[in-house]
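Worksheet for the structure shown next.
No lab work stands behind these numbers, since they all come straight from the coordinates. No experiment lies behind these values; they were computed from the predicted model shown. Cβ coordinates were reconstructed from backbone atoms using ideal geometry, including for glycine residues, and neighbour counts include every protein chain displayed.
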Amino acid sequence: MVKSQPIPDEDAWWNGLMWVDGARMQARRFEDVLNEWLDAEYDTKHRHRNSGDDDIERGWRDETDRNYRPYDSRRPIRVVTVALAMQLAVDLRFLIVACNHVMTALKRIPADARPTMSGQELLHLMRNVSEHWEEAAGPSATKLALANVDHTTITFSGNQAWIGDGRDAIPMSRVHDWLERSREALVAALAGAGHDVPDETESNYAGDDELEWPLDRLRYHWALPHIELEEWDGARFPPGAPNWSARKQIGWLRAQASGATHTN
């Protein structure tokens, strides 16, 4: 059997840059999904608090139905669905995996220049548990249990999300800061090795940035456009939309967000 060899440090640093960007995008996605979960949880509790038969609760429901149109976000319409719960759990695991890829790249940087983050060893254990989910009690799960850390728990405090619970929970602000420092360290390592690291907003198409026209250009990451409920009248969905495939529904929403009038 041929023993695998590690790739050169410089290749690891380039891969690290890619994973830093992936982790940053995944962090934003995770936070977006969590915010949707929190909104849905608030609406759910609001519905239950006002579902009784006394005059006050009936009056509140009647007033809400009278004053606000269907799908108005001021009505408690969001639902904590099973799908949303699974999406939140999966997006957390994707974030943990992406962060661990960054850690792998940073191992190729000298220790005195390597960014660290308090709690990153817990993220590594969480990654192991997530990847080996079919094992009932592996070594990483045992270590997390001994540290009294629940890797499946997401908390929200101080206006931000926390991975885990208790005193060892990791705030997302710490993750964001570590990712920025990691990118700076990887760029510095590549520059020190003689590489010209392009800015993230540079065109990936040779010669494109040398063209003078047009001066106004969009430089961003691709993302599915968001349509706030306040901006969307559910009645605008074409007839038969509930029977569309999920792909066609997403295409219709994207077309609306971009100003297009229809999709095929």
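Using the number of other C-beta atoms within 10 angstrom as an exposure proxy, rank Trp133, Trp19, Trp14 with the fewest first.
Taking fewest neighbouring Cβ atoms as first place, the list is Trp133, Trp14, Trp19.
Can you pull out the trypsin sites (Lys or Arg not before Pro) in the range 19-58 that DSSP calls coil and that have at most 14 other Cβ atoms within 10 Å?
Listed in order of number, the matching sites amount to none.
Starting from the Cα of Tyr205, step 7 Å along the direction of its Cβ; do the same at His124; then give the gap between the two resulting points in nm.
4.3 nm
So which GluC sites (Glu not before Pro) in the range 128-190 pass both tests, a DSSP loop state and at most 10 other Cβ atoms within 10 Å of the Cβ?
Those satisfying the criteria are Glu134.
Using 0.36 nm times the number of residues separating Arg74 and Glu31, minus their current alpha carbon distance, what extension gain do you get?
Residue separation times 0.36 nm, minus the Cα-Cα distance, leaves 13.3 nm.
For Lys107, which aspartates and glutamates qualify as cross-link partners when the Cα separation must be under 17 Å and same-chain residues fewer than eight apart are set aside?
Candidates past the 8-residue exclusion: Asp9, Glu10, Asp11, Glu121, Glu180, Glu184.
Using just the alpha carbons, could you tell me how many Å³ per residue the convex hull of the range 17-61 encloses?
Hull volume normalised by residue count: 41 Å³.
Can you pull the Rg over Rh of the range 3-124, Cα-only, Kirkwood?
A ratio of 1.27.
Multiply the residue gap between Trp133 and Ala113 by 0.36 nm, knock off their C-alpha separation, and tell me the result in nm, one decimal place.
The span from Trp133 to Ala113 would gain 3.8 nm if fully extended.
With θ taken as phi - 60° and the coefficients 6.51, -1.76 and 1.60, list the Karplus ³J(HN,Hα) couplings across the range 140-147 in order, rounded to whole Hz; mark glycine and proline as x.
Per residue, the Karplus-derived 3J(HN,Hα) values read 5, 4, 5, 5, 5, 5, 5, 7 Hz.
Take Val90, Val2, Val97 and order them by how many other Cβ atoms sit within 10 Å, fewest up front.
Going from least to most buried by this count: Val2, Val90, Val97.
Specify whether the C-alpha gyration tensor of the range 37-80 places it in the rounded, prolate or oblate class, a ≥ b ≥ c being the square roots of the eigenvalues: rounded for a/c under 1.5, otherwise prolate if a/b is larger than b/c and oblate if not.
oblate
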